[in-house]
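Remarks on the structure that follows.
Derivation of every value follows stated rules applied to the coordinates shown; laboratory data play no part. Please read these numbers as outputs of a predicted model, since none were measured by experiment. All Cβ positions, even for glycine, are placed from backbone atoms using ideal geometry, and neighbour counts span all protein chains on display.
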Amino acid sequence: MSASQPGANYIDELRQFISSEFLLDKQTDKLAVTDLLFEGGIIDSAGAISLILHLEQTYDIEISDEELFPENFATIEHIVKFIERKRRSNSNPREGIV
């Protein structure tokens, strides 16, 4: 995702948050969007709660228990796609209603 693409600001912010909260060396530039956050040991189960709260507060989204699938939060790239879906559905409340 380049800086001109949607989600680029999310990537920068998420890198900064994850680095400051979970990486001891604080090397934001070494955190790739495809790095496995949980499987790679960057975030543990306690950190998942912190991440979810951060996403809800920072991006004004509500994350339901039904959305707590590992694939939604596996990498920064997956998190960005999840945020974009949530924000799109928040701007169109009828989306997803059958």
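How large is the Kirkwood hydrodynamic radius of segment 8-91, counting all unique pairs of alpha carbons, in Å?
Kirkwood radius, segment 8-91: 12.9 Å.
Can you sort T34, T58, T75 by how many other beta carbons sit within 10 Å, fewest first?
Ascending number of Cβ neighbours within 10 Å: T34, T58, T75.
Positive end of the charge dipole of segment 8-91 (Lys, Arg +1 and Asp, Glu -1 on Cβ, about the Cα centre): tell me which of G40, N9, S50 has its Cα farthest that way.
With unit charges placed on the Cβ atoms, the residue in question is N9.
Give me I63, I79 sorted ascending by neighbouring Cβ count inside 10 Å, so fewest comes first.
Ranking I63, I79 by Cβ neighbours within 10 Å, fewest first, gives I63, I79.
Provide R87, R15 in ascending order of the number of other Cβ atoms located within 10 Å of each residue's Cβ, fewest first.
Ranked by crowding around the Cβ, least crowded first: R87, R15.
What nm value, rounded to one decimal, do you get for the distance between K30 and R88 when each label is placed 7 Å out toward the C-beta?
Going by the 7 Å Cα→Cβ label model, 3.5 nm.
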